[in-house]
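Reviewing the structure listed below.
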Amino acid sequence: MGTDQKNEKMVNVYSRETAPLAVDRKMQPPCEAACPAGIKVQDYISLIAQGRYLEAIAVIRERMPFPSVCGRLCYHPCELECNRGLLDEPVAIMYLKRFAADYEFETHPPLPPPMEITKPERVAIIGAGLSGLTAAQDLVKMGYPVTVFEASPFPGGTLRWLMFPYRLPAALLDWDVQNILALGVELKTDITVGKDLSLEDLKVQGYKAIFIATGADKSRSSSVPSAGIIAEGDLIFGTVWAVHTVGAGHQAAMSIERYLRGEPLAPPNTIALPVVRRDRADLQEKVLGGELRLRQRAEMPLWEPLETTLGFMEMESGFCEEAAVREALRCLNCGAGAQCLEEKCIACLTCVRICPYGAPMITPDGSVAIRLEQCLACGICASECPAKAIALRSYRGEEVIQRIDAALAEASRSGSAPVILGLCCSYGPYAMGEFNEFLGTKLPPNIRVVKIPCVAKIETNHLLKAFELGADGVFVAGCGQEDCPYHKSSLWIERRVEATKKILTEIGLGAERLQIYLLSEPLTPQFVEKIAEITERVKELHPIPGKGRSVAQ
Amino acid sequence: MIIGQQKPLDEIRRSIADYKRVLVLGCGTCVTICFAGGEKEVAILASTLRTADRMDGKERVIMEHTVKRQCEWEFLDEIADRVKEADVVLSLACGIGVQALAERFALLYVVPGLNTSFMGMPQEAGVWVEQCVACGDCILGLTAGICPIARCAKSLLNGPCGGSQGGRCEISPESPCAWQLIYERLSALGMLDRLEEIQPPKDWSRSNTGGPRKIVREEVKT
C-alpha cells in the first residue's frame, strides 16, 4: 500500500465543522502534552481513522495554522512520547498531519468565514511570519480586530525565504496563510515598522496592543508608552522549530488578551492534566493475551526519482488514503477512553467484569475508576453499563438515535421501499473514499447508513429504535474481529443483535428483519451483495402493518 | 441485592392493553444492577411496546422515566406531575417499588413489569443466584456461612437429605447441594463436629408468615 499515489476518489462526506466532544479530558495523551503548539493530536488522529479528514484538519488548524509546514518539517516530539512506541513503533503523527493538510489542499474546501469582531481594541502585529500569523488567528478568533504589518511583499516569514520547493511547496504555505486571513485578519505588506511607520504611529492610529513578531534576524527597541508590546520567542531565543514559533504565537495572543483585559501579564497558574503513560510490560501482556496486535508503522512513500528531479519537487509523496487510515488506527486512543460519571455510577461492577483490557478498577473507597492507562476506548463498557454512567470523549450515544431518526426520515421521504437502515463501522475500509463514494452516489435511496466508531458501541436500544422509527429492516455492518483494533467487539455486537432478534420475534415482526454482517476487504462489493440480500429478505416478509412515524416521547 | 426479571412481553402487553397513556417507570438501584429495570431496559421496553402498538394499529403514548429508587417516598414525590400524565404506570421496579407507587398515588393504576425473583448476587457477569429468603432468624453462623433455608431445595436444618448425587441437588440438579457445601466448608474449617448438634425446629414466627414484618428504630425516627 505504501507507494500508492493518492486515491483520487476520496470523497468528502464530512463537513469541516468539528463535532462537539462528549466529555472533557481527565488525562492528556502524551502526544498532545508534548506538542509545543498544543495540537489536539489524539483527536485528529481519531478523525483520520474515521475518514473525517476535513474535521481533522480543522482540529489541527485550531493550534497549528501551518499544518503544511508542520506536517513536513518538525522534530515531532509527539512521536517521541507516543505510547505506541512502547509496543512497536510510534504512530506516524507528522505524516498523518501532512496527509490531512494535503487532503484539504487537494479538495480545496471553501475558506472559513470571517470571525465576528466583538471587541473594540485594535491589535497590530509586526511581521507576518509563523508566530505573528498564529497570534493573529488566535486574536481574531477572540473577537479582536487585527492588522498584520509585513515588511516584505509576501506573508509567510522566514519560511518563504529559506525553504526550497523540495521541502515545502510554496502553494501549500499560501493556502495556510489564506486560511488565516479569511478569518478576518487584515494584512499590510511592504510596510516596515520602524521605517515607514513608527510604533508611536501605530499607537496614534488606535492600536491598543502591538506584537513584535519580526523573527530572529531583526532587533528592535520597544518602548512605547501606553501600548502593550509583546515580543515573540524567535526574537528572544533565536531561530527554533516552527512548532515552537507557533507555540510562541499562541502565548503572545494570550498575553495580549490578558493585557487588554487588564489582567496580570504572567500566565495564570493552571494545573496541567496528568499525562497518560502506558506500561510497556502491560502492553506486551495484552499482545500475548491477544487483546492487542502489533502493527507495523506505515512508511512514507517517495515519488519516482524522475518525477522529482525534473522540477525540484519534494521527494516524499505523502500517505495514500489507505495508509493514512490504517496508520491512524494504530493509535491507542490515550486519554480518549472511558470515563466513569461519578454522579451516575451505581458501582454495579459490570465494567470491571467485562472490560477486555482490565481498565476499570475498584478504588480503595469502594467506587469504580477506569484507568485510562489501560483503556483503548473500545466503548464496550459504555454500551453495557446499565446506569449510563460511562462516557467516551468522542462518542455520544444520545446522538446515535437522532442520527438514526434523520436517516430514516430521509429514506421515507424517498418514497421507495423497503426502508432499510444500516448501522456501520466508521473505521478502516468504512472510512475510505471508495466506500464513501458508494454511499454518496450509488446507495439506493431506500437504504440509509449511520456510521458508528466500531459497531461494539451499538446498543440493543439503537436497533429497536430503528424499527420504532420506521425501518422495515436493519443491518449492522462491522469488520471481522481480525481487522478490528478492539478486542471482543464482534462478540458483544453479535450478542446484542441476538437479544434484539428475540424481541422482534416476540412482537411478531420477525428476526429476519435484522442482520449482522462482519465484512472484510474488499468492502464495497461485499456490502453491495449484503444490501441486496437484506432487501430481498425484507421484501419477502409481510410489510409492517401501520407503518409510519410513531408517537415517541 | 434484589434480583428481578422482566415479565414475558405478552403478559406485559395484556396488563396495559386498555390504557392510552403508559408510563414505563424504571428504578435506578437493584433492578438496574441486574439489567432488569433500569434506564436502558425502560428504553428497550418502551421502544418495543411502541413498535408492537403500531403493528396493532393502536394509538397510544408510551412515556419513559427512571427514578433513583422507587421505594422511597421522596423520590416518588419528585415524579408526581409526570405520573399524573399517565393512566397506567408500568413499573420496572421490584414489588416494593410497585407497592410504594400504589400507596403514594391513591388514584394511580400500577402494574408490574418485572417479577421480583429473589435476594441474591451475581455469581458471574450475567448469572444471578438466590442466597437469602429473609427468614428473619439467621442461622448462617451454624452452617459455615451457607444458607440451607435459601439454597437447599428442602430447606433442611439437619442435612443432607441423602438424595444428592455428585454434589448436586436431587430436586434441582443445576444447583450444588447446599448441605454438601456446608459439609465441605466445615471440614475445611476443622469444625465438622458442629454437624453432630441436632438443630431444633426453627423459629418461623420471625419469617413472613404472620403479616408484614416491621422494624422500628426510635433513635433514627424523625
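The numbers here are math on the coordinates, done by the rules we state, and not lab data. Here the structure is a predicted model, which means the values were calculated and not measured. Glycine gets a Cβ as well: all are built from the backbone with ideal geometry, and neighbour counts include every protein chain shown.
Values computed for the structure shown
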item: Where labels lie 7 Å past Cα in the beta-carbon direction, separation of B:Asp193 and B:Ala17 in nm; result: 6.5
item: Distance violations [Cα-Cα > 27 Å] among A:Lys457/B:Lys84; A:Lys141/A:Lys188; A:Lys388/B:Lys221; result: A:Lys457/B:Lys84; A:Lys388/B:Lys221
item: Considering only the range B:34-158, percent of DSSP beta bridges that pair antiparallel, nearest 5; result: 60
item: In sequence order, calculated HN-Hα J values of the range A:22-27 (Karplus, 6.51, -1.76, 1.60; Hz; x Gly/Pro); result: 6, 9, 6, 5, 9, 9
item: For the range A:339-392, size of Cβ-based charge dipole, Lys and Arg +1, Asp and Glu -1, in debye; result: 140
item: Anisotropy class of the range A:372-489 from Cα gyration tensor, a/c 1.5 cut; result: oblate
item: Between helix A:53-63 and chain A: long-axis angle, C-alpha atoms, 0 to 90°, nearest 10; result: 40
item: Amide H contacts of A:Ile126 (H built 1.01 Å from N, under 5 Å, at least 5 apart or other chain); result: A:Phe149, A:Phe211, A:Ile212, A:Ala213
item: Sorted by Cβ neighbour density within 10 Å, fewest at the top, the residues A:Phe211, A:Phe527, A:Phe438, A:Phe66; result: A:Phe438, A:Phe527, A:Phe211, A:Phe66
item: Placed amide H near B:Val24: partners under 5 Å, 5+ positions off or other chain; result: B:Met63, B:Glu64, B:His65, B:Leu90
item: Cα-Cα P(r), the range B:137-199, percent of pairs per 10 Å interval; result: 25, 57, 19, 0
item: Lys, Arg +1 and Asp, Glu -1 on Cβ, resulting dipole of the range B:2-118 about Cα centre, debye, nearest 20; result: 260
item: Cα-centred dipole magnitude for chain A, charges only on beta-carbon of K, R (+1) and D, E (-1), debye, nearest 20; result: 1120
item: Alpha carbon Rg of the range B:2-118, scaled by the compact-globule rule 2.2 N^0.38 Å; result: 0.96
item: Estimated distance in nm for a label pair at A:Glu536 and B:Thr209, the labels positioned 7 Å out from Cα along Cα-to-Cβ; result: 6.7
item: For the range A:89-169: relative contact order, % (alpha-carbon pairs under 8 angstrom, 6 or more apart); result: 27
item: Phi-based couplings in Hz for the range A:354-366 (Karplus 6.51, -1.76, 1.60; Gly and Pro marked x); result: 9, 4, x, 10, x, 6, x, 9, 8, 7, x, 8, x
item: Hz values of 3J(HN,Hα) by residue in the range A:534-543 - Karplus curve (6.51, -1.76, 1.60), Gly and Pro given as x; result: 5, 4, 4, 4, 5, 4, 5, 6, 5, x
item: Ordering of A:153-159, B:195-201 by packing [mean C-beta count within 10 Å, highest first]; result: A:153-159, B:195-201
item: Long-range HN-HN contacts of A:Lys451 with modeled amide H, under 5 Å; result: A:Cys424
item: C-alpha long axis of helix A:242-260 to longest principal axis of chain A, angle in °; result: 80
item: Within chain A, helix-based [θ] at 222 nm, where runs of 4 or more DSSP H residues each add -39,500 (n - 2.57), nearest 500; result: -11000 deg cm²/dmol
item: Enclosed volume per residue, in Å³, of the convex hull spanned by Cα atoms of chain B; result: 169
item: Share antiparallel - DSSP beta bridges, chain B, percent rounded to 5; result: 45
item: Estimated translational D of chain A in µm²/s (Stokes, Kirkwood radius over Cα pairs; 4 °C; 1.567 mPa s); result: 50
item: Sequence ranges A:501-512, A:421-432, B:24-35, ranked by mean other-Cβ count within 10 angstrom, highest first; result: B:24-35, A:421-432, A:501-512
item: Angle in degrees between helix A:93-107 and the longest Cα principal axis of chain A, rounded to the nearest 10; result: 90
item: Whole-number percent relative contact order across chain B, with pairs defined as alpha carbons under 8 Å at least 6 apart; result: 18
item: Reachable lysines from A:Lys26, criterion Cα separation under 16 angstrom, eight or more residues apart if same chain; result: A:Lys40
item: Relative exposure of A:Trp175, B:Trp204, B:Trp73, judged by other C-beta atoms within 10 Å (fewest first); result: B:Trp73, B:Trp204, A:Trp175
item: Taking chain A and dividing mean pair separation by its residue count, relative contact order in percent (alpha carbons under 8 Å, at least six apart); result: 16
item: Shielding score for B:1-14, defined as the mean number of other chain Cβ atoms within 10 Å; result: 1
item: Candidate lysines - alpha carbon under 16 Å from A:Lys539, same-chain residues fewer than 8 apart omitted; result: A:Lys530, A:Lys547
